[in-house]
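Okay, structure first, notes after.
The values are calculated or read from the model by the stated rules, or taken from the named source; none is laboratory data. What you are looking at is a predicted structure, and each value in this text was computed from that prediction instead of being measured. Cβ coordinates were reconstructed from backbone atoms using ideal geometry, including for glycine residues, and neighbour counts include every protein chain displayed. Surface areas here come from the heavy atoms of the whole protein model, side chains and all, with no ligands, DNA or RNA. Shrake-Rupley method; radii C 1.70, N 1.55, O 1.52, S 1.80 Å.
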Amino acid sequence: QVQLMESGGGLVQVGGSLRLSCAASRSDFSINDMAWYRQAPGKPRELVAYITRGGSTDYADSVKGRFTISRDNAKNTVYLQTNSLKPEDTAVYYCYMTAIANVYWGQGTQVTVSS
């Protein structure tokens, strides 16, 4: 059984930054793809950023140039550096990992951007 533990969310003012982290409970197997999704109240969950094991990345248009996804394969950990935060970035952020045929989700961490 693998669990994902997220940290780094919180309350921040417009223009501020947060660094989200998500670590798998085991580091003895290879994670393929990692990603961050988010879900705002009343809206569907959406993909924010994606990174392959080889380091290729992709971002939602709404966060390009402001957010950066990275990973540490030795620690099975994924990070999301969020800069120049806007009120519309307020959401619960979920990390996502895939390994072989399994998909894992974190429990979510709240990011609130106040104006």
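Let's see how each residue does on (1) within 22 Å of residue 115 (Cα to Cα); (2) at pLDDT 95 or above; (3) open to solvent by 60 Å² or more (accessible area, probe 1.4 Å):
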position: 1; (1), (2), (3): no, no, yes
position: 8; (1), (2), (3): yes, yes, no
position: 15; (1), (2), (3): yes, yes, no
position: 19; (1), (2), (3): yes, yes, yes
position: 36; (1), (2), (3): no, yes, no
position: 45; (1), (2), (3): no, yes, yes
position: 57; (1), (2), (3): no, yes, yes
position: 78; (1), (2), (3): no, yes, no
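So, in the stretch 83-105, of the ones that are among the hydroxyl-bearing types (Ser, Thr, Tyr) and outside any strand (DSSP E or B), which residue ends up farthest from residue 1 (Cα to Cα)?
In the first step, residues of the stretch 83-105 are kept if they are among the hydroxyl-bearing types (Ser, Thr, Tyr); the result is 84, 90, 93-94, 96, 98, 104.
Next, only the ones that are outside any strand (DSSP E or B) stay: 84, 90.
Details: 84: 36, 90: 31 Å.
Looking at residues that are among the hydroxyl-bearing types (Ser, Thr, Tyr) and outside any strand (DSSP E or B), I get 84.
Output the qualifying pairs, or none if there are none: Cβ atoms under 9 angstrom, residues six or more apart or on different chains, first residue in the stretch 86-115 and open to solvent by less than 10 Å² (accessible area, probe 1.4 Å), second residue assigned to a strand (DSSP E or B) and basic (Lys, Arg).
Taking only residues 6 or more apart or on different chains, the pairs are 89/38; 91/38; 93/38; 111/38.
Please determine, by comparing only the residues of the stretch 66-76 that are of a type outside the set (S, T, N, Q) and crowded, with 16+ Cβ neighbours inside 10 Å, which one is nearest to residue 28 (Cα to Cα).
Per the criteria, the residue is 71.
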